[in-house]
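The values are calculated or read from the model by the stated rules, or taken from the named source; none is laboratory data. Computed from a predicted structure; not experimentally measured. Don't worry about glycine lacking a Cβ; one is built from the backbone with ideal geometry, like all the others, and counts go over all protein chains shown. When the accessible area is computed, the model is the full protein with side chains, heavy atoms only, and any ligands, DNA or RNA have been set aside. Shrake-Rupley method; radii C 1.70, N 1.55, O 1.52, S 1.80 Å.
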Amino acid sequence: MLAKVMGCSVTGVDGLLVRVEVDLAQGLPSFSTVGLAEGAVREAKDRVRAAIRNAGYSFPQHRITVNLAPAAVKKEGTGYDLPMALGILAAAGVLHSNLLDDTAIAGELSLDGSVRPVPGVLPMALAAQQEGMRRFLVPAANAAEAAIVHGLDVYPVERLDQAVAFLAGRAALVPLVIDPADLFARHDRYPVDFADVKGQEYAKRAMEIAAAGGHNVLLTGVPGTGKTMMARRLATILPDLTLEEAIETTKVFSTAGLMPEQTPLLVSRPFRSPHHTVSDAGLIGGGQVPRPGEVSLAHNGVLFLDELPEFKKHVLEVLRQPLEDGTVTIARAASSLRFPARFMLVAAMNPCPCGFLGDGVRTCTCTPLQIQRYRSRLSGPLLDRIDMHVEVPPVQVKELLGRPEGEPSAAIRERVNRARSRQRQRFAGRARLHCNAQMSAKDVKTFCRLDSASADLLGQSITRLGLSARAYHRILKIALTIADLAGAEMPDRSHVAEAIQYRRLRWDG
């Protein structure tokens, strides 16, 4: 008496089909699970036994062995409950079905036989579709998320007996159909707008350039100048997510179990703002069972680090790999996982511990040693990886009282979209390049050619400011983005001059 059911799992942020093999043998009644089953999977036997009985079926009094293949991969989570239960009923002869071979199944069981939601359903559905499965039985609460995947019939189930009746052909279920275009059209994307920001034209111009080219930004200035306010509105001027980007982003949130209720697909760019007490595992990902961290949850969106020097130094240093590669590699003795982490870093900091260095009204009370220690928390290599260094001056009272509302996010986003369109045409055929900030040194040499006057200006500035080779290439990327916003094919002297202004981090107050 052997039955095979196709279950699903998640490794990293990718789905994996797991064959659930159930064998019923003569002997003393027992229930054992093999195949590197971790805690929640081993505990499934008690949930499955109670669910089968409370759903109106007799639990077989046999020696039950459940094998989860491939056996070399660790099995975590509660999503194996439903395929285990269906496999036991099939092996016992209660469930006769010819649909099991091309049906993927996932779901947690309550003791009363109801099916509870599980995390990671979207990557499971993608894996099932890629492996040629025709159907996917999922908890009703997860069905809309799985139905985003085309080419796979998604059936929502609420109870174990409902799943048995459907597979046996005694009851009909209607596959759920979701049109992603409707989600993009109906969704109210952002509750904030750049129109709320008065004054700060220089800083807003920098944020527009950053959004157009995908550049990282460091905002410095005394408290109350609007650094956090502008950072929280950056996502509102980024280009709209494509369906591919939305699926990538949703996979990360689904795996982490952070999908908002009644939201099958994330259609707005994520904005993550971890507290400065975050650990390196919380920021970069990891844990005993590796889970995506804040950098992966900000994939295709914005990662905002407020009060940057307050973060632990070793936590900030782990940002180097994702800033360069757009991925995070979590290495363990048994396996190595990769999480996506292509995000825009926006950081904000004060010029000194008290925050008032350089303020024309309030007096700084910090000693030179305190200021030096405060700034030394940020390493040179990390600062070098931040494309744009923007000083945000205090806003004058007359600007707050007399100036009308600023330019709305929609108008800025329109210019950003035009610039990004030029970049998509430029990088056509290069799947790894999505914006100017992602160019390598070789790409910069290919796509950004300066005339003699612009090259001379850049060379003199690099020498005078003592900038690194990495800074040289980042200035060229910024200049190319400014040219894209201006509708020019290549940067000219004015574009290079403006780009240089965004690489001058002045500490002199």
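See the values below:
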| item | result |
| --- | --- |
| Contacts under 8 angstrom Cβ, first residue in the stretch 26-45 being under 22 Å from VAL289 (Cβ atoms) and touching a residue at least 24 places away in the same chain (Cβ under 8 Å), partner part of a loop (DSSP other than H, G, I, E, B) and of a type in the set (A, V, I, L, M, F, W, C), 6 or more apart | VAL34/ALA71; GLY35/ALA71; LEU36/ALA71; LEU36/ALA72; LEU36/VAL73; GLU38/VAL289 |
| Any hit, the stretch 212-226, residues being surrounded by fewer than 21 Cβ atoms within 10 Å (Cβ to Cβ), farther than 16 Å from GLY301 by Cα, more than 21 Å from the chain's Cα centre (by Cα) and of a type in the set (Gly, Ala, Ser) | yes |
| Meets criteria (among the basic types (Lys, Arg), under 27 Å from LYS251 (Cβ atoms), touching a Leu at 6+ places or on another chain (Cβ under 8 Å) and open to solvent by 60 Å² or more (accessible area, probe 1.4 Å)) for ARG19 | yes |
| Set ARG135, ARG170: member being open to solvent by less than 50 Å² (accessible area, probe 1.4 Å) and farther than 30 Å from ASP240 by Cβ | ARG135 |
| Elements of type strands (runs of 3 or more DSSP E) in the stretch 316-365, at least 1 residues being within 30 Å of GLY286 (Cα to Cα) and in contact with a Lys or Arg (Cβ under 7 Å, 6 or more places away or on another chain) | 327-331, 344-349 |
| Any chance THR103 is open to solvent by 10 Å² or more (accessible area, probe 1.4 Å) and not charged (D, E, K, R) | no |
| The stretch 227-246, subset within 17 Å of the chain's Cα centre (by Cα) and open to solvent by 20 Å² or more (accessible area, probe 1.4 Å), residue farthest from ILE178 (Cα to Cα) | ARG232 |
| Filtered residue count, the stretch 366-391, keeping only those that are outside any loop (DSSP other than H, G, I, E, B) and over 26 Å from the mean Cα position of the chain (by Cα) | 10 |
| Residue in the stretch 288-307 that is open to solvent by less than 40 Å² (accessible area, probe 1.4 Å), of a type in the set (A, V, I, L, M, F, W, C) and free of Cβ contacts under 8 Å to residues at least 40 places away in the same chain present | no |
| Unique residue being in contact (Cβ under 8 Å) with a residue 40 or more places away in the chain, closer than 30 Å to LEU243 by Cβ and open to solvent by less than 50 Å² (accessible area, probe 1.4 Å) when the list is LEU160, LEU183 | LEU183 |
